[in-house]
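Undergrad: I have a structure I would like to understand better, so I am pasting it below and will then ask my questions one at a time.
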Amino acid sequence: MKKVLVLGAALMAVVFSAKAEVEFAYDAGAELVSAYIWRGQYNGGLSFQPDVELGFNALDEAVQFRAGVWANLGASDWKFKKNGLAIPDVYDPNTRFMPEVDFMAHVTAYGASLGYNAYYYCNDGSDHTSELWIGYNFSHFFGDKAGAYINWYTTVGGGGDLKLETDPAKLLAGQLERQAFSTYIELGYDYTWEDLGLTLGGQLGISPWESPIYGNEKFAVTNLSLKINKEWEFEHLTLDLFAQGSLNPDGMVTDKNDPLYNVYIDAAGDDKLYNQKLNGTIGVGIWF
């Protein structure tokens with residue numbers, strides 16, 4: 001995150017030196033969703049998700065910087081459900097209080113973005129990962145009504161060393177989150193009908209190599225999603241309703257009965273955690 005913040009500061013210095021107009025910017029709001037869906041995966045049930053980001057815009061918003069905090073508090077985080085897994089309960093994510101707090105920062109210039117995300121799960125303090133991402137949004141050229149984009153996310157830290165752990169003794173000792181430079185590539189397209197306040201978007205998610213996070217052993221398409229969003233703009237806030245459906249063609253989990261490899265999805269909840277094929281959510285958000 002320090003590198004992204006340094007890059008943002010350097011970019012700000014360049015903007016100031018060019019005597020460009022710089023304005024403070026922020027995004028703040030919260031969503032209430034029927035299910036917490038992350039990159040096509042079911043990560044929990046009914047959830048409250050606040051989000052605050054601060055930063056600046058410059059050069060007519062062609063250059064932007066944001067840093068902020070996002071959180072998820074789900075009803076299923078309180079269940080402490082035990083499923084009788086072979087791993088001791090202290091290491092079973094289905095028996096823990098698991099709210100999530102994420103820290104993020106990114107800089108965007110003329111459609112190109114560089115960012116950092118840090119994911120923290122509030123249990124014993126050991127569950128965390130961090131990732132770097134780069135992306136490009138073609139709406140910079142085609143306008144906000146229609147825009148394709150591509151983002152590349154790669155895990156760079158957290159959860160032990162960066163290789164897939166296969167030693168059962170180490171797994172039983174709680175070393176469950178060997179991330180193996182897990183990578184997720186997202187291709188998306190959004191189209192907005194401004195008169196209707198309606199946006200329709202589609203996403204294609206790819207995990208290009210073995211990843212315990214996305215549940216694949218080789219190149220796989222792990223997410224096909226469609227989302228529809230309706231917005232109402234008021235003087236000081238925006239209200240939106242949305243619905244999203246996600247299909248995982250790879251099936252996510254190949255062996256439901258293997259506890260050593262089916263506890264990587266860090267969310268308390270129910271058996272849907274082991275059936276990552278078809279997921280969906282509806283929600284409402286308010287933004288200031």
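The values are calculated or read from the model by the stated rules, or taken from the named source; none is laboratory data. Please read these numbers as outputs of a predicted model, since none were measured by experiment. Cβ: placed from backbone, ideal geometry, glycine included. Neighbour counts: every protein chain shown.
Undergrad: I'm checking my understanding of the structure. Among residues of region 24-38 that are not in a strand (DSSP E or B) and not hydrophobic (A, V, I, L, M, F, W, C), which one is farthest from the chain's Cα centre (by Cα)?
TA: Ser34
Undergrad: Tally the residues that are within 30 Å of Gln276 (Cβ to Cβ), part of a loop (DSSP other than H, G, I, E, B) and acidic (Asp, Glu), restricting the search to region 41-64. Even if it seems obvious, please write down each step before you answer.
TA: First pass over region 41-64, keeping only residues within 30 Å of Gln276 (Cβ to Cβ): 41-53.
Okay, now just the ones that are also part of a loop (DSSP other than H, G, I, E, B), so 43-46.
Then drop every residue that is not acidic (Asp, Glu), which leaves none.
Within region 41-64, residues that are within 30 Å of Gln276 (Cβ to Cβ), part of a loop (DSSP other than H, G, I, E, B) and acidic (Asp, Glu) number 0.
Undergrad: Shifting gears a bit: Could you look through region 80-101, keep only residues that are modelled with pLDDT of 50 or more and surrounded by fewer than 18 Cβ atoms within 10 Å (Cβ to Cβ), and pick out the one that is farthest from Leu32 (Cα to Cα)?
TA: Going through the qualifying residues, I end up with Phe97.
Undergrad: If you don't mind, another one. Return the residues of region 201-235 that are over 19 Å from Asn248 (Cα atoms) and at pLDDT below 95; say none if nothing qualifies.
TA: Residues satisfying the conditions are Glu231, Trp232, Glu233, Phe234, Glu235.
Undergrad: Scan region 217-237 for residues that are in a strand (DSSP E or B) and either in contact with a Pro (Cβ under 9 Å, 6 or more places away or on another chain) or surrounded by fewer than 18 Cβ atoms within 10 Å (Cβ to Cβ) (or both) and jot them down.
TA: Ala220, Val221, Thr222, Asn223, Leu224, Leu226, Ile228, Lys230, Glu231, Trp232, Glu233
Undergrad: If you don't mind, there's one more thing I want to ask. What are the residue pairs meeting all of these: first residue in region 45-56, first residue within 16 Å of Gly280 (Cα to Cα), second residue of a type in the set (Asp, Glu) and surrounded by fewer than 17 Cβ atoms within 10 Å (Cβ to Cβ), Cβ atoms under 8 Å, and 6 or more apart or on different chains?
TA: Gly45/Asp270
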